[in-house]
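Notes follow the structure.
The values are calculated or read from the model by the stated rules, or taken from the named source; none is laboratory data. Please read these numbers as outputs of a predicted model, since none were measured by experiment. Cβ: placed from backbone, ideal geometry, glycine included. Neighbour counts: every protein chain shown. Ligands, DNA and RNA are excluded from the accessible area calculation, which covers all protein heavy atoms including side chains. Shrake-Rupley method; radii C 1.70, N 1.55, O 1.52, S 1.80 Å.
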Amino acid sequence: MTTTPAASAPQAGQVRTLHLSELLKRAITDRSGESLGRLTDVIVRLRGSELPLVIGGVASVGGREVFVPLEQVRSFDGEVLKLTSAELDLRRFERRPGEVLLRADVLGHRLIDVEAAHLVRAADLELEQHDGEWVLTGVDTRRRRRWLGALAGRGTPEPGQHWFREWSRFEPLIGHTGSLTLRDPLARIRRLKPAQIADLLEDASKAEEIEILGHVHADPELEADVFEELDEDRAARLLGARTDADIAEVLSRMRADDAADAVAELPQQRRQAVLDLMPAGQRTKVLTLMGFNPTSAGGLMGVDFLALSPGAAVREALAAVGQAHTLQPEALTSVHVVDESGRLSGVAKLVTLLQADPDAPLELVSDTDPVRVGPGTDVVDVAVLMSDYNLITIPVVDERRHMIGIITVDDVLEATLPADWRRRETAQPPDAHAGNGP
């Protein structure tokens, strides 16, 4: 009994490369050369952090889509895909978990360019033979504009010209549940900042939204951060599609001011049910903030801030900053000095504390007449004060100077920027595309 090798081995140092666009529609024949059909797709198996492995193809044979194992193909990069066996399993092809169809799932579909944090479309895919195995190695994301380029006399790609970038730089949006579970533990999308993921969602289709949020949902803290960054209308729509318990779970991890905005955007009949499911502490903060006009300092402020007594030493204040893991970083740029009744008696900037005598009491190194606003102050007036006094934060106090909240500069920016600022193209740093080709 003799066997025929599936494909000849490349010479030492030689890399065999194929493009998906070249493979599709290639004829498939039996070992005697009799035509069986044509290749309609290529199947890869996901392998975690390793490159996806080509395991075969899908062929159209007599109007039926059937599976063609790679080991049955004499030469995968031949002009004709000739089988090594006389028989081909004619059962209709059914995808298995972890299998990705390159034409149906990836080619012409959008992927996340993780480095640029943009959605791009796959114009072609590159396959290479490594150690006798064919793997998916690259993606070409350039748009083809042949007729426009010809009219302009430039920009027309040469036949066969491609610009491929490594597959590892992209997160595919496949939309297949069976593959999502295998990709999720290593999803590259979680390398992105919450604001970048929010921008992706702003540009995504509904199907893409579902898959992106599926990855994000695996990290509850990241999910909450992403919802904080979303446009209020989109956040309300995405949250509104969930159960009351799921909404409450997300809101419990969000900053209280953002959670209050989200609750206010929910339909009236759902608000109380969601509030009842939230942890008591977060619910109290949210209800407090919902009592203020959203365009006022009270509606803008957060209720989590760092406050110490006037007699606390500088070293105690610095230690408190280091241990305040639940506060947003911007709120930790200042330490607030309050007396026993909660009355604001001073504000010490973090830089001042770092440069001061560690044993000095806070009352000696703080500004005892800090700039402050009331909860009814208009947001524009807050912005003017912060600009005039070069403030990163500003405390909010009641008529007795009791401190009730804090406004950070990012809160003011979000409230004063144009309504469509989230849809603007973000400026890229000058080195953003260094080394990525033309």
Open item on the list: Quick one: the Cα spread of region 11-141 along its three principal axes, in angstroms, biggest first?
Closed with: 49, 38, 24
Task: Efficiency of FRET between Glu22 and Lys193 - r from beta-carbon atoms, R0 35 angstrom, step 0.05 - done: 0.40
Open item on the list: Can you return the aspartates and glutamates within cross-link range of Lys25? Criterion is Cα-Cα under 12 Å, with same-chain partners fewer than 8 residues away left out.
Closed with: Asp41, Glu79
Open item on the list: Taking 0.36 nm per residue of sequence separation and subtracting the Cα-Cα distance, how much length would be gained by fully extending the chain between Leu354 and Glu414, in nm to one decimal?
Closed with: 18.6 nm
Task: Portion, in percent, of the accessible area of region 288-348 that falls on carbon or sulfur, probe 1.4 Å - done: 54
TODO: Tell me which residues come under 5 Å, amide H to amide H, from Arg121 once H is placed; ignore anything under 5 positions away on its chain.
DONE: Leu111
Open item on the list: So, for region 183-263, what is the accessible surface per residue at a probe of 1.4 Å, expressed in square angstrom?
Closed with: 41
TODO: Using θ = phi - 60° and the Karplus relation 6.51 cos²θ - 1.76 cosθ + 1.60, list the HN-Hα couplings for region 394-399 in order, rounded to whole Hz, with x at every Gly or Pro.
DONE: 9, x, 10, 10, 8, 5
Task: Under 5 Å, built H, 5+ apart or other chain: amide partners of Ile404 - done: Val396, Val397, Asp398
TODO: Specify the inter-centroid distance of region 60-100 and region 229-259, based on alpha-carbon positions, in whole Å.
DONE: 47
Task: Amide proton proximity set for Ser75, modelled H, under 5 Å, gap of 5+ - done: Lys82
TODO: Output the peptides 130-142, 290-302 sorted from most to least packed, where packing is the average of other Cβ atoms within 10 Å over each peptide's residues.
DONE: 290-302, 130-142
Task: Largest-first principal axis extents, alpha carbons of region 234-290, Å - done: 25, 20, 18
Task: Derived scalar couplings ³J(HN,Hα) [region 336-349; Karplus, 6.51 cos²θ - 1.76 cosθ + 1.60; whole Hz; x for Gly, Pro] - done: 9, 9, 10, 7, 4, 8, x, 7, 6, 10, x, 9, 10, 6
Open item on the list: Residue by residue through region 361-377, what is 3J(HN,Hα) from phi via Karplus (6.51 cos²θ - 1.76 cosθ + 1.60, θ = phi - 60°)? Round to whole Hz and write x for glycine and proline.
Closed with: x, 4, 5, 8, 10, 9, 7, 7, 10, x, 5, 8, 9, x, x, x, 4
- [ ] Work out, step by step, the length gained on full extension between Ala324 and Arg96: first 0.36 nm times the residue separation, then minus their alpha carbon distance; give nm to one decimal.
- [x] 77.3 nm
Task: Residue-span extension gain [Ile392 to Arg372] - 0.36 nm each, minus C-alpha spacing - done: 6.0 nm
